[in-house]
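Everything on this sheet refers to the single structure shown next.
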């Protein structure tokens, strides 16, 4: 599934694309669209959020919500809300290392949990793949820290590693979904993500926001399918390694048993020879 790949080439030089006059971050239509759509879907979202909270609380001890500092518009920091999908006090150094590798390579932006992550709570991987873990960020949208559409808010240590031209993505308010998410999110590299975000940040329009919102649901379905396939492939690899390890262990055990039997047989034969020698002497 290659969504909008012809419209948004990654061959993008931010210095040659000045911001569009229509792309001001505080456009009245953008704020009005955010509030209107949230109010329209609120009757559906409240029971859904309660169901997600019940799933989390029944499968893991700890708070339902997870609060984390993120970087938004023009580098401004704010408290971002999510449903907790990891164990309490989970180690985050592995994620920082994974992110560093993605930022300095040409590999797709696959999440760590797509192939299994012991830090994830029961049903946590499904919540992350479906995007339901980000429902509480609607609070951030109502507070004005985020918008429904925009670049994803990044972590402070990620922001500190950005090159100057990459920080152009912060000329837009961060969003729940965006151009990157509907353009093959898990198959794009870090640089491609940055270029897509800059393209949106400098040229956003009402029609573009509506189009991205409509494309988000099918994009999430594809993401869930890709995550499921990646996890299955990872589990098959683990099982193959386990079977190989078991066969190696069994082979070693068989070899050891054969050697032991040979030694015992030799010792028995030597004992019989000694007994015969005693009788003949």
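The values are calculated or read from the model by the stated rules, or taken from the named source; none is laboratory data. Treat the numbers as computed from the prediction; the structure is a model and nothing was measured. Cβ: placed from backbone, ideal geometry, glycine included. Neighbour counts: every protein chain shown.
Descriptive notes on the structure:
- Residue in the range 138-160 that is under 20 Å from residue 189 (Cα atoms) and without any contact (Cβ under 8 Å) to a residue 24 or more places away in the chain present: yes
Table: residues versus (1) at pLDDT 90 or above; (2) part of a helix (DSSP H, G or I).
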| position | (1), (2) |
| --- | --- |
| 26 | no, no |
| 34 | yes, yes |
| 42 | yes, yes |
| 50 | yes, yes |
| 61 | no, no |
| 70 | yes, no |
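- The range 65-77, subset surrounded by fewer than 18 Cβ atoms within 10 Å (Cβ to Cβ) and more than 19 Å from the chain's Cα centre (by Cα), residue nearest to residue 133 (Cα to Cα): 77
- In this entry, residue 209 is excluded by the filter for residues that are out of contact with any strand residue (DSSP E or B) (no Cβ under 6 Å at 6 or more places or on another chain), in a helix (DSSP H, G or I) and within 25 Å of residue 130 (Cα to Cα).
- Qualifying positions in the range 157-174 - in contact with a strand residue (DSSP E or B) (Cβ under 6 Å, 6 or more places away or on another chain) and over 13 Å from residue 198 (Cα atoms): 159
One line per residue, one yes/no per condition, for (1) touching a helix residue (DSSP H, G or I) at 6+ places or on another chain (Cβ under 6 Å); (2) surrounded by 12 or more Cβ atoms within 10 Å (Cβ to Cβ); (3) in a helix (DSSP H, G or I); (4) modelled with pLDDT of 65 or more:
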position	(1), (2), (3), (4)
214	no, no, yes, yes
218	no, yes, yes, yes
227	yes, yes, yes, yes
230	yes, yes, yes, yes
239	no, no, yes, yes
243	no, no, yes, yes
246	no, no, yes, yes
250	no, no, yes, no
